[in-house]
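Heads up, the thing below is written out as C-alpha cells.
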Amino acid sequence: MRKGFTLVEIMIVVAIIALLAAIAIPNLLRARVSANEAAAAAAMHTIAAAQIQYRASNPTYASLGTLGNATPPYIDSRLAGGSKQGYNFTSGFSTGANFWAAGEPQDNTAAHTFYIDEDGVICRSSNTSVSAETSHFNGSGCPTGYAEVE
C-alpha cells in the first residue's frame with residue numbers, strides 16, 4: 001500500500017497558506033510605511049537640530065550637503081545625500097534667518113510628506129497628494145495642506 005498525500009489534501013494546504021499570506025502581507029506593508037514615516041519624522045528632527053547647531057557657529061544656515069561634509073559632520077552621509085529609508089529630503093534657507101526642510105516619499109505609497117522649519121515643529125501632509133513644493137514654505141508654522149505631528 002502506498003503512503004502519501006492526495007491531491008485534495010495538498011490543495012487544501014496550499015489554499016490555507018494563500019489565505020494566511022493574503023491576510024499577513026497587507027499588514028506587513030502598512031507596518032513598513034509606518035516605520036518609514038517614523039524614520040522620516042526622526043530625520044526631520046535631526047535636520048532641524050543640525051541646522052540650529054550649525055547656525056550657532058556660522059552666520060547662516062546650511063544645505064544638507066554642507067551639514068554632512070562639515071568637520072565633524074552634523075548629519076550622517078546618507079541624510080546629507082538627500083535620501084534615506086524611502087524618503088527624499090531637501091533643505092533650504094533664506095538670508096540666514098530662516099530654514100526649512102522637507103521629506104517626500106520616494107514612491108507612490110500611502111506615505112505622507114513632512115516639513116519642518118526653524119520653529120522645530122514637524123508638520124505632516126494631511127493627505128498623500130500634497131507635495132513639498134518650496135512655495136509652501138513660509139516660515140510661519142505648518143504650510144497649507146499640512147498639520148502638526150502630535
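Looking for whichever is over 15 Å from the mean Cα position of the chain (by Cα) and crowded, with 19+ Cβ neighbours inside 10 Å here; the options are 75, 52. Which one fits?
On the way: 52 fails: crowded, with 19+ Cβ neighbours inside 10 Å.
When all the criteria are applied, what remains is 75.
Might you check whether a residue that is small (Gly, Ala, Ser) and either assigned to a strand (DSSP E or B) or in contact with a Cys (Cβ under 8 Å, 6 or more places away or on another chain) (or both) occurs anywhere in region 66-86? Explain how you work it out, then say what you get.
If we filter region 66-86 for residues that are small (Gly, Ala, Ser), which is where we start, we get 68, 70, 77, 80-83, 86.
When the remaining residues are screened for being either assigned to a strand (DSSP E or B) or in contact with a Cys (Cβ under 8 Å, 6 or more places away or on another chain) (or both), the result is 83.
Looking through region 66-86, at least one residue is small (Gly, Ala, Ser) and either assigned to a strand (DSSP E or B) or in contact with a Cys (Cβ under 8 Å, 6 or more places away or on another chain) (or both).
Condition check ((1) of a type in the set (Val, Ile, Thr); (2) farther than 28 Å from residue 126 by Cα; (3) modelled with pLDDT of 95 or more) across all residues:
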position: 5; (1), (2), (3): no, yes, no
position: 8; (1), (2), (3): yes, yes, no
position: 23; (1), (2), (3): yes, no, no
position: 33; (1), (2), (3): yes, no, no
position: 57; (1), (2), (3): no, yes, no
position: 72; (1), (2), (3): no, yes, no
position: 85; (1), (2), (3): no, no, no
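Kindly list, by first and then second residue, each pair from a residue in region 76-96 that is closer than 19 Å to residue 113 by Cβ to a residue that is of a type in the set (Lys, Arg) and surrounded by fewer than 15 Cβ atoms within 10 Å (Cβ to Cβ), limited to pairs with Cβ atoms under 7 Å and residues at least 6 apart or on different chains.
Hits for this filter: 84/78.
Residue 46 - would you say it is surrounded by 14 or more Cβ atoms within 10 Å (Cβ to Cβ), closer than 24 Å to residue 150 by Cα, free of Cβ contacts under 8 Å to residues at least 40 places away in the same chain and in contact with a Pro (Cβ under 9 Å, 6 or more places away or on another chain)?
On the way: surrounded by 14 or more Cβ atoms within 10 Å (Cβ to Cβ): yes; closer than 24 Å to residue 150 by Cα: yes; free of Cβ contacts under 8 Å to residues at least 40 places away in the same chain: yes; in contact with a Pro (Cβ under 9 Å, 6 or more places away or on another chain): no.
Considered against the rule, which asks whether it is surrounded by 14 or more Cβ atoms within 10 Å (Cβ to Cβ), closer than 24 Å to residue 150 by Cα, free of Cβ contacts under 8 Å to residues at least 40 places away in the same chain and in contact with a Pro (Cβ under 9 Å, 6 or more places away or on another chain), residue 46 comes out as no.
Go through (1) charged (D, E, K, R); (2) farther than 30 Å from residue 111 by Cβ; (3) touching a residue at least 40 places away in the same chain (Cβ under 8 Å) for residue 37 and report which single condition fails.
Looking at each condition in turn, residue 37 falls short on (2).
Filter region 1-41 for residues that are surrounded by 13 or more Cβ atoms within 10 Å (Cβ to Cβ) and small (Gly, Ala, Ser); which is nearest to the chain's Cα centre (by Cα)? Steps first, please.
Filtering region 1-41 down to residues surrounded by 13 or more Cβ atoms within 10 Å (Cβ to Cβ) leaves 32-33, 36-37, 39-41.
Those left that are additionally small (Gly, Ala, Ser): 39-41.
On the way: 39: 6, 40: 3, 41: 6 Å.
Within region 1-41, the match that is nearest to the chain's Cα centre (by Cα) is 40.
What number of residues in region 95-137 are surrounded by 13 or more Cβ atoms within 10 Å (Cβ to Cβ), at pLDDT 75 or above, over 16 Å from the mean Cα position of the chain (by Cα) and among the hydrophobic types (A, V, I, L, M, F, W, C)?
Final tally of qualifying residues: 1.
The values are calculated or read from the model by the stated rules, or taken from the named source; none is laboratory data. Here the structure is a predicted model, which means the values were calculated and not measured. Positions of Cβ are backbone-derived with ideal geometry, glycine not excepted, and every protein chain shown enters the neighbour counts.
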